[in-house]
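In what follows, a structure is listed as structure tokens, so that the remarks can point back to it.
Every read-out reported here was derived from the displayed coordinates using simple, explicitly stated rules and does not represent laboratory data. This is a predicted model, so every value here is computed, not measured. Because the Cβ atoms are built from the backbone with ideal geometry, glycine has one as well, and the counts that use them run over all protein chains shown.
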Amino acid sequence: MAPAGIQAERILALWHVTLAVCTAVFVAVLLALVVAIRRASRRDKEGREPDRRHEPRLRRGVVAATVVSVVLLCGLIAADFLTDHALSRLPMADPLRVEMVGHQWWWETRYAADGDRPAFVTANQLRLPVGRPVLVTLKSSDVIHTFWVPNLHGKRDMIPGRDAAILLRADRAGDYRGQCAEFCGAEHALMAFSVSALPQPDYAAWVQRERQDARPPEDATLRRGMGIFLGNACAQCHTIRGTPASGTLGPDLTHVASRPLLAAGTIANTPENLARWIAAPGSMKPATTMPPTGLPPEEMQALVRYLGSLQ
């Protein structure tokens with residue numbers, strides 16, 4: 001793992017210490033086991049009884065090994081405590097505030113209003129400005145989920161009815177993977193989200209685009225695609241700001257074409273994959289609650305073109 005923030009660096013350092021201690025203990029135990037087996041085997045071949053004169057020395061060895069084990073365990077506990085203490089005291093002034101809600105099996109990301117600039121909602125992605133702390137409030141709408149971006153921080157449980165929070169800071173621009181790390185049902189493994197740490201100008205430009213309503217369709221095919229979306233069950237579950245579609249059961253699709261992945265990180269966002277997902281979502285995520293549409297090919301093409309225009 002390549003840490004992209006100071007929290008992940010501290011956690012990785014703790015992991016290296018733990019790995020080194022556990023490796024040393026494992027090797028020492030194996031060596032002691034091999035020596036004991038060889039001595040017992042040689043003694044059995046020679047038909048000798050155990051020499052009781054060595055018992056005091058063996059007893060001292062057991063006591064010494066126990067003391068060393070206790071010291072190492074105390075050292076690991078101290079290292080863990082110091083890491084947690086350091087993480088809690090990192091400078092995190094003036095954080096950006098974001099809310100993420102876990103659903104079976106996708107992520108809803110809510111960015112707060114900023115003065116007269118409206119709030120907006122996106123899905124299955126989290127975009128952060130490089131170098132600025134981000135306070136992510138975590139909620140679950142159904143079962144226990146766990147928020148985890150290994151490159152930035154540790155895990156945080158999301159329990160229904162109880163808000164949690166985690167502070168992130170990305171110190172290096174890049175794209176990272178977030179994942180639900182608590183078994184939450186049949187499609188738990190397919191509940192991921194993308195994390196993009198952007199330079200401040202790029203982040204500000206992205207936020208400005210996301211705050212805007214969907215661009216009106218510019219040609220007949222796009223207008224037909226929007227009509228198909230609004231005239232079918234799509235609009236009952238999904239929102240596209242700037243249109244009558246205001247469903248909340250599924251992800252907000254206002255700028256779906258700008259997202260790198262579909263179906264909570266399951267597939268790349270391409271026209272072919274989008275058509276497959278709309279036609280038969282159960283073939284990719286069998287337990288998904290999204291129903292198949294059964295649209296004729298020409299209507300599917302118009303719908304995919306319309307959704308592909310929502311940048």
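What to note about this one:
- Percent of Cα pairs exceeding the 31 Å cut-off, where the set is the chain: 46
- For the pair Gln236 and Thr23 in one chain, pulling the backbone fully straight at 0.36 nm per residue adds 71.2 nm over the alpha carbon distance.
- C-alpha long axis of helix 297-308 to longest principal axis of the chain, angle in °: 70
- Separation of the Asp94 and Arg172 label points, Cα + 7 Å toward Cβ, nm: 2.6
- Shape category assigned to the stretch 220-308 from the gyration tensor of Cα positions, a/c cut at 1.5: rounded
- Cα-based Rg of the stretch 6-88 normalised by 2.2 N^0.38 Å, two decimals: 1.62
- Note on the stretch 52-162: antiparallel DSSP beta bridges, both residues inside, total approximately 70 percent of the bridges counted.
- For Leu126, the residues whose modelled amide H falls within less than 5 Å of its own, excluding neighbours fewer than 5 places apart on the same chain, are Ser194, Val195, Ser196.
- With Cα atoms defining each centre, the stretch 246-311 and the stretch 175-215 are spaced 16 Å apart in the structure.
- Evaluated with a Cβ-only charge set (Lys, Arg +1; Asp, Glu -1), the chain carries a dipole of roughly 1440 debye about its Cα centre, given to the nearest 20.
- With each label modelled as a point 7 angstrom along the Cα→C-beta vector, the Ala65-Glu9 pair spans 4.0 nm.
- Compared with the direct C-alpha span, the chain from Leu31 to Arg110 gains 23.0 nm at full extension, assuming 0.36 nm per residue.
- Remark on the stretch 96-211: ratio of C-alpha radius of gyration to 2.2 N^0.38 Å is 1.02.
- Anisotropy class of the stretch 61-106 from Cα gyration tensor, a/c 1.5 cut: oblate
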